[in-house]
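What follows is a single structure, written as structure tokens, with notes after it.
The values are calculated or read from the model by the stated rules, or taken from the named source; none is laboratory data. All values reported here derive from a predicted model rather than from experimental measurement. Please note: Cβ atoms are built from the backbone with ideal geometry, for glycine as well, and neighbour counts cover all protein chains shown. Protein only, heavy atoms only, side chains kept; ligands, DNA and RNA dropped before computing areas. Shrake-Rupley method; radii C 1.70, N 1.55, O 1.52, S 1.80 Å.
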Amino acid sequence: MLFRSGQGSVKSRFIGNYKLVKFESFDANGKPGPGQYDEGRIMYDAAGQMAAQLMRSARPKTNPTNESERSAAYQTYFAYYGGYTIDESKGMVVHHLQGSSSPASTGTDFVRYYKFSDDGKFLTLSVKNAKGQVTGVLTWERF
């Protein structure tokens with residue numbers, strides 16, 4: 001389902017499944033670089049639930065058999081799920097983490113600033129630090 005700019009509610013524009021097409025990180029000087037992950041999926045449903053998964057494609061293809069390998073596997077995959085709310089006036093979606101592969105993230109909120117392409121095929125989510133500086137941008141393609 002693709003939307004033209006101005007069609008449907010913002011929530012209805014979010015609903016769907018997306019694949020990660022680009023992840024950029026920005027340092028304190030605003031210099032861009034590749035993000036930590038290069039593959040991923042994110043989904044939003046009509047009931048207000050969402051789930052996200054991110055991973056590095058270069059991760060080992062075998063199951064870990066020792067602590068070092070388990071640590072490497074943990075560091076190359078991140079997933080979480082929970083509810084979400086949208087603040088249209090701020091152009092913001094908040095992911096309310098009910099579960100996460102990172103125990104410290106469970107029970108927290110991830111604030112993302114959103115933008116849709118005019119045709120609704122792409123969703124861009126930006127992460128900002130406490131000073132309002134963009135530190136990461138994830139571009140997702142609807143499929």
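General remarks:
- Restricting 36, 53, 49 to residues that are crowded, with 16+ Cβ neighbours inside 10 Å and within 26 Å of residue 120 (Cα to Cα) narrows the list to 53.
- Evaluation of residue 101 against the conditions (1) surrounded by 15 or more Cβ atoms within 10 Å (Cβ to Cβ); (2) touching a residue at least 24 places away in the same chain (Cβ under 8 Å); (3) of a type outside the set (Val, Ile, Thr); (4) more than 16 Å from residue 14 (Cα to Cα) shows that the sole unmet condition is (1).
- Close pairs from segment 67-91: first under 18 Å from residue 48 (Cβ atoms) and open to solvent by 90 Å² or more (accessible area, probe 1.4 Å), partner of a type in the set (Val, Ile, Thr) and in a helix (DSSP H, G or I), Cβ under 8 Å, at least 6 apart: 88/10
- Within segment 115-132, the set of residues being surrounded by 13 or more Cβ atoms within 10 Å (Cβ to Cβ) and either on the phi > 0 side of the Ramachandran plot or part of a loop (DSSP other than H, G, I, E, B) (or both) comprises 117, 120, 121.
- Residue list for segment 61-80, restricted to those being in contact with a Lys or Arg (Cβ under 7 Å, 6 or more places away or on another chain), more than 21 Å from residue 97 (Cα to Cα) and outside any helix (DSSP H, G or I): 64
- In the set 112, 142, 59, only one residue is touching a Ser or Thr at 6+ places or on another chain (Cβ under 8 Å) and buried (at least 16 other Cβ atoms within 10 Å of the Cβ); that residue is 112.
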